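J.: Here it is, the structure in full.
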Amino acid sequence: MSRTFQDDDLLLWEAYTAAPRAGEGRGARIMFHCLSDRDRRARVAERDEERTVVEKRIHSATDDDLLVLLQQSEPLA
């Protein structure tokens, strides 16, 4: 399940959850992809929660909540 939202620069972003990296006992990751500028590097925010919990948070989050998560994210390696 993904959500789209717009940032302050009017760029359209998609946010969705991804499972943790193989072998890691950590929680899910929130992935961000810019839909209006495909050359922008994807971003990721690590969470210490299970994937289903993170999916529910993304689904119920406001656009402002998603902007905060985007600002806290790091470029995908």
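J.: Grab the DSSP H runs of the chain that are 4 residues or longer, score each as -39,500 (n - 2.57), total them, divide by all residues and round the 222 nm result to the nearest 500 deg cm²/dmol.
T.: Value at 222 nm, helices only: -7500 deg cm²/dmol.
J.: Between [x] 12.4; [y] 4.9; [z] 6.8, which matches mean projected area of the Cα convex hull in nm² calculated for the structure shown?
T.: Label of the calculated value: [y].
J.: With point charges of +1 on the Cβ of Lys and Arg and -1 on the Cβ of Asp and Glu, referenced to the Cα centre of the chain, which listed residue (52, 11, 72) lies farthest in the positive direction of the dipole?
T.: Going by the charge dipole, the pick is 52.
J.: Considering amide H positions built from the backbone, and no H for Pro or chain starts, which residues 5 or more places from residue 36, or on another chain, come under 5 Å of its amide H?
T.: Amide H neighbours of residue 36, under 5 Å, 5+ apart: 12.
Read-outs: derived from the displayed coordinates by stated rules, not from any lab. It should be emphasised that the depicted structure is a prediction, and the values quoted were computed from it without experimental measurement. Ideal geometry is used to build each Cβ from the backbone, glycine not excepted, and the neighbour counts take in all protein chains shown.
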